[in-house]
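This report concerns only the one structure given below.
The values are calculated or read from the model by the stated rules, or taken from the named source; none is laboratory data. Nothing here was measured: the structure is a model prediction, and the numbers come from that model. Glycine also receives a Cβ, built like all others from the backbone with ideal geometry; neighbour counts cover every protein chain displayed. To get the accessible areas, we keep the full protein, side chains included, count just its heavy atoms, and leave off ligands, DNA and RNA. Shrake-Rupley method; radii C 1.70, N 1.55, O 1.52, S 1.80 Å.
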Amino acid sequence: MSGADTWTARAGRRVRRVLRAAARPLHPRWWLPTVVALAAAAVVWTLVARANPYVLPALGAVGDQLSTQPGFYLRNAAATLQEALLGLVAGSLAAFALAVAISESSLLRRAVMPLVVVLNVTPVVAIAPALVVAFGFGVLPKLIVTALITFFPVLMNTATGLRSVAAPVLQVFRTVDASRADVLWRLRIPSALPYVFAALRVVFPLSIVGAIVAEFSAAGATQGLGTVISVASSNSQLDRVFAAIACLALMGAVLLLLVTALERRVLSWHESQARPS
Amino acid sequence: MATTDQDGPAVPDASHILVRGAGKTYGSGERATTALADVDLSVPRGRFVSVIGPSGCGKSTLLRLVAGLEEPDTGDVSIFGATAREASAAKSIGFVPQVPALLPWLSVLDNVRVLDKVNRRAGRRRREAAGPAVAGCELAGDPVQLLTRLGLGDALDQRPGQLSGGMKQRTAIARAFALQPDVLLMDEPFSALDEFTREAVQLQLLDVWHETRTTVLFVTHSVTEAVLLSDTVVVMAARPGRIAAVVEIGLDRPRRHGHLDSDTMHACEHEVRARLEQAWTDVLPRDLV
């Protein structure tokens with residue numbers, strides 16, 4: 001069977017590609033520049049920390065914080081991550097649904113878009129304290145801030161993506177009298193996916209910003225890295241502040257990695273995912 | 001071919017595609033351009049008819065009217081007795097646009113099958129109505145066989161992004177044939193291909209058409225292409241878009257490479273060119289005003 005041949009051939013190609021990709025980071029030409037840059041940054045950091053301990057804490061002190069109290073940082077990181085992810089999911093889903101709705105109804109678009117634009121130009125950071133007053137110190141206000149930050153980029157990109165189907169394709173579907181649902185599911189939504197992912201790449205890291213801002217505003221909140229940072233800053237515990245910041249940076253990187261991996265799977269057909277061979 | 005003996009609405013006719021007195025104007029006031037003026041066309045079932053003319057002669061507009069993508073301002077269109085809207089609702093129109101218009105997230109095979117999943121009810125009704133013994137059904141009803149015949153047997157699992165221009169356009173043609181439509185409407189499908197690819201795809205199209213004998217309305221701006229493929233070539237003139245002449249092509253079928261150079265073919269090409277030129281010179285004085 002030629003089917004079996006192509007299957008094994010494809011599997012072989014895949015294995016070779018994975019091996020090649022796995023071997024790449026082992027080559028000095030691959031990792032050396034990164035290592036050198038990191039080392040240089042560490043040296044500069046240390047020099048500044050020596051000269052003025054109130055600008056930057058010593059790297060060793062930050063490391064001590066993380067290694068002596070891993071449970072503390074993990075617990076607070078988990079709290080912040082939970083707020084960020086819940087807000088992200090809620091904001092993205094709402095934005096996606098609204099984008100589909102306004103792409104199907106121009107009446108709805110004219111009604112909703114001014115509101116959305118007003119919401120977008122309003123700094124969400126300014127809304128956060130009010131949300132804390134309204135909803136207390138729990139997860140809800142943080143979730144809302146994160147969702148608001150996520151909402152606009154996903155909405156605009158999805159709306160653009162849903163309109164990106166080329167006219168000839170729509171014509172082919174029209175000549176077989178395709179229903180609106182068919183056009184939406186089989187053409188518009190798949191065409192919108194690259195745009196949705198472009199937005200997700202932006203809002204995944206932003207969601208952490210949202211969660212932190214909300215925690216800053218909720219003075220008296222008990223959990224979260226934002227709370228850790230604001231409490232430690234007021235006590236001038238710079239090593240603790242930077243340990244929390246390191247956790248945040250790591251979380252951001254992991255989220256970005258996650259969305260990139262997801263994108264590779266879902267958008268394997270798209271030219272943005274073409275691998276140099 | 002072009003009949004002018006009848007006014008009023010087209011008489012429903014189950015054996016012809018009829019365009020009667022079709023006119024189409026874009027824009028209004030001084031900026032109005034008449035794309036089509038009072039065009040009559042009749043295509044008998046099972047014929048391969050090409051429409052040729054200079055750019056701006058309304059040949060694509062004519063095709064879009066038949067496809068139901070646009071409504072004529074005057075006159076009407078009947079596809080084997082049905083309106084264009086009814087014909088598309090019944091999935092009896094196969095449309096091949098100028099660009100392949102494939103879905104980049106689907107494989108070649110799934111691109112050919114995708115229209116099966118759209119407007120399913122009409123698809124079922126067509127299959128029931130057709131019954132088991134319709135000529136050409138076997139080839140057109142099997143996407144794998146159809147793609148293999150068009151030279152894409154090795155590319156079934158590939159995505160459009162991996163294909164050459166010729167392969168993409170052959171996939172689009174397979175998608176249209178796979179509908180097993182009553183009429184295939186093709187809008188300059190080969191105009192973006194290089195000369196060698198174009199000749200190869202033309203012959204593959206003829207090969208598949210020879211088995212299915214679907215009625216084809218084919219818009220082109222290549223005289224050679226029109227003559228090679230068609231039973232009838234309709235020559236159009238511009239400003240306003242109208243039918244200037246109808247040339248019957250008496251070449252034997254099946255047509256192969258040898259025919260490309262025969263005297264009969266050259267004679268046909270010569271006649272089509274002469275008609276085109278005549279249509280063109282008719283227009284010139286108006287341009288000079």
With criteria (1) in a loop (DSSP other than H, G, I, E, B); (2) at the interface with chain A (Cβ under 9 Å from one of its Cβ atoms), residue B:57 comes up short on (2)
Candidate set: region A:219-231, residues that are in a helix (DSSP H, G or I) and surrounded by fewer than 22 Cβ atoms within 10 Å (Cβ to Cβ); chosen: the one nearest to the chain's Cα centre (by Cα)
A:230
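Here is a yes/no grid of residues against (1) within 17 Å of the chain's Cα centre (by Cα); (2) in contact (Cβ under 8 Å) with a residue 12 or more places away in the chain; (3) open to solvent by 10 Å² or more (accessible area, probe 1.4 Å):
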{"site": "B:24", "(1), (2), (3)": "no, yes, yes"}
{"site": "B:53", "(1), (2), (3)": "yes, yes, no"}
{"site": "B:57", "(1), (2), (3)": "yes, yes, no"}
{"site": "B:60", "(1), (2), (3)": "yes, yes, yes"}
{"site": "B:70", "(1), (2), (3)": "yes, yes, yes"}
Name the residue, out of A:184, A:200, that is under 30 Å from residue B:88 (Cβ atoms) and either within 19 Å of the chain's Cα centre (by Cα) or of a type outside the set (D, E, K, R) (or both).
A:184
Number of the exception - residue B:6 against (1) open to solvent by less than 70 Å² (accessible area, probe 1.4 Å); (2) modelled with pLDDT under 85:
(1)
Mind telling me which of the residues A:207, A:234 ends up being more than 14 Å from chain B (Cβ to nearest Cβ), open to solvent by 40 Å² or more (accessible area, probe 1.4 Å) and of a type in the set (Ser, Thr, Tyr)?
A:234
Exactly one of these conditions fails for residue B:58: (1) at negative phi; (2) out of contact with any Cys (no Cβ under 9 Å at 6 or more places or on another chain). Give me its number.
(1)
By my count, helices (runs of 4 or more DSSP H) wholly in region A:116-200 with at least 2 residues that are within 14 Å of another protein chain (Cβ to nearest Cβ) and at negative phi are A:167-175, A:180-183
Show me the helices (runs of 4 or more DSSP H) found entirely inside region A:1-73 where at least 3 residues are farther than 30 Å from residue B:154 by Cβ and open to solvent by less than 60 Å² (accessible area, probe 1.4 Å).
A:28-51, A:59-68
Given the structure, is residue B:234 out of contact with any helix residue (DSSP H, G or I) (no Cβ under 8 Å at 6 or more places or on another chain), assigned to a strand (DSSP E or B) and surrounded by fewer than 19 Cβ atoms within 10 Å (Cβ to Cβ)?
no
Would you mind stating whether residue B:159 is modelled with pLDDT under 90, over 23 Å from residue B:16 (Cα atoms) and within 14 Å of chain A (Cβ to nearest Cβ)?
no
Would you point out which residue out of B:214, B:224, B:197 is touching a Gly at 6+ places or on another chain (Cβ under 6 Å) and over 30 Å from residue A:8 (Cβ atoms)?
B:197
Residue list for region B:84-105, filter: over 30 Å from residue A:271 (Cα atoms), open to solvent by less than 20 Å² (accessible area, probe 1.4 Å) and more than 7 Å from chain A (Cβ to nearest Cβ):
B:84, B:87, B:92
Filter region B:181-206 for residues that are closer than 20 Å to residue B:109 by Cα and without any contact (Cβ under 8 Å) to a residue 60 or more places away in the chain; the one that is farthest from the other protein chains (Cβ to nearest Cβ) is B:204
